[in-house]
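S.K.: First the structure, then my questions, so here it is.
Every number here is computed from the coordinates shown, using simple stated rules; none is lab data. Not measured: the values here are computed from a predicted model. Glycine also receives a Cβ, built like all others from the backbone with ideal geometry; neighbour counts cover every protein chain displayed.
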Amino acid sequence: MIDKQTLLFGLLDEMATSSPIPNIYNSVFENRGVNARYVPMNIRDDDILFTLKGIKSSQISGINLGEIFQKDGLEMLSESSEDVKFSGFVETIKVVNGELHGSNSTGRAIAKTVSGKVAIFGVSEITKSIIFNSDAKITLLENEIEKTLPILEKFPNLDVKLSDETHPFDLSNFDFAIFGENEIFTIGDAKQNIDTTKLSDEVLQKKAEIDTEEWL
């Protein structure tokens, strides 16, 4: 039930109403005893800047951006986390005195989920965020080595290897493998003994908990 004291949060996406994410966040709010509600908000891709401008003066306290809006949202931020600056996209926005403050949580959630030796295939915004947040022993595999140069400027000791059809890579000594392409990623146990769906659900749960801490 929403009343005058209810804090409002939401998901901005083209198909937000069909996403399972609101249920996950509302469950976190309920478990914490917080008077808050997370609502899905469908918007068109050409309405994102107008919508974000309106949110500054609305009753909404924070939002998540769908993948299609995570780069466009950058120009509306008054403040960005170091992760956002490094990775080049924004997932989570907190409204602070009419300003939009941006951060990311998926990379942090994955960093809390995977450990040991981790192989990451491909440079993308999300894999940059994972590298930024993780304490695991990471090997980054990329078939276009020049894409790794900005990452190596920040993390010069990162293990980087060429990976393509002529350079196959053995995962037998790794605990987890993450495959990133653009903003889409899959994560799995490299030894094939953990259910990938369960692992993804765990990441979403931790992401919701991280965002809740950030917002409240």
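S.K.: Which residue, Glu14, Glu144, Glu91, has the most motion in a Gaussian network model of the chain that connects Cα atoms within less than 10 Å?
M.R.: In the Gaussian network model the winner is Glu144.
S.K.: Excluding residues on the same chain fewer than 8 positions from Lys117, give the aspartates and glutamates whose Cα lies under 12 Å from its Cα.
M.R.: Reachable aspartates and glutamates: Asp135, Asp159, Asp175, Asp189.
S.K.: Still on this structure, please answer the following. Go ahead and estimate [θ] at 222 nm for the chain from helices alone: -39,500 (n - 2.57) per DSSP H run with n ≥ 4, summed, over the residue count, rounded to 500.
M.R.: Taking each H run of at least 4 residues, the total per residue is -9500 deg cm²/dmol.
S.K.: Too long at a 21 Å Cα-Cα cut-off: which of Lys53/Lys128; Lys71/Lys161; Lys94/Lys206; Lys154/Lys207?
M.R.: Lys53/Lys128; Lys71/Lys161; Lys154/Lys207
S.K.: Could you please report the charge total around Leu100, scoring K, R as +1 and D, E as -1 over all other residues with beta-carbon less than 11 angstrom from its beta-carbon?
M.R.: 0
S.K.: Tally Lys and Arg at +1 and Asp and Glu at -1 over the other residues with C-beta under 12 Å from the C-beta of Lys154: what net charge comes out?
M.R.: -1
S.K.: Another question, then. Using Cα-Cα distances under 8 Å and only pairs 6 or more residues apart, what relative contact order does the chain have, in percent?
M.R.: 17 percent
S.K.: Right, something else. Counting other C-beta atoms within 10 Å, and keeping those with at most 13, which DSSP coil trypsin sites (Lys or Arg not before Pro) do you find in segment 1-53?
M.R.: When the trypsin sites (Lys or Arg not before Pro) of segment 1-53 are filtered for loop state and at most 13 Cβ neighbours within 10 Å, Lys4, Arg44 remain.
S.K.: Which one, Val84, Val28, Val203, has the greatest fluctuation when you compute a Gaussian network model over the chain with C-alpha springs under 10 angstrom?
M.R.: Its mean-square fluctuation being the largest, the pick is Val28.
S.K.: Where does segment 7-104 land on Rg(C-alpha)/(2.2 N^0.38 Å)?
M.R.: Against the compact-globule rule of thumb, the ratio is 1.02.
S.K.: In square nanometres and to one decimal, what's the mean projected area of the convex hull around the Cα atoms of the chain?
M.R.: Averaged projected area of the chain's Cα convex hull equals 12.8 nm².
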